[in-house]
Amino acid sequence: MAHVTIEMQALGVYGSETCLGCERSFERGETMSAVESDSGEKLGWFCLECLNEWGAASRKATEG
């Protein structure tokens, strides 16, 4: 299991701030979420779209 530890706004510097889920560059002002595993391992920065997709997939897996 993983959880968001912090959120911040991207500076929009092309190529230096990318989502590790979809690998696209964050746009200036876009929310970046730092994700960490329950064991404390830092998993990286992710966009809200990826977090929403993972949340939906997680809910679907627990229902089925």
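The values are calculated or read from the model by the stated rules, or taken from the named source; none is laboratory data. Bear in mind that the values here come from a model prediction, so they are computed numbers and not experimental data. Positions of Cβ are backbone-derived with ideal geometry, glycine not excepted, and every protein chain shown enters the neighbour counts.
Please count how many residues of the stretch 10-24 are in contact (Cβ under 8 Å) with a residue 12 or more places away in the chain and either part of a strand (DSSP E or B) or in contact with a Ser or Thr (Cβ under 6 Å, 6 or more places away or on another chain) (or both). The total comes to 1. Go through the stretch 2-23 and report how many residues are at positive phi and out of contact with any Asp or Glu (no Cβ under 8 Å at 6 or more places or on another chain). Matching residues across the stretch 2-23 total 2.
Considering the stretch 24-64, the residues that are of a type in the set (S, T, N, Q) and touching an Asp or Glu at 6+ places or on another chain (Cβ under 6 Å) include one that is nearest to residue 5 (Cα to Cα), namely 33.
Of all the numbered requirements in (1) modelled with pLDDT under 95; (2) surrounded by 12 or more Cβ atoms within 10 Å (Cβ to Cβ); (3) aromatic (Phe, Trp, Tyr), residue 46 misses one, and that requirement is (1).
Filter the stretch 8-33 for residues that are more than 16 Å from residue 53 (Cα to Cα) and small (Gly, Ala, Ser) and give the result.
10, 12, 15, 16, 25, 29
Exactly one residue out of 7, 27 is in a loop (DSSP other than H, G, I, E, B) and among the charged types (D, E, K, R): that is 27.
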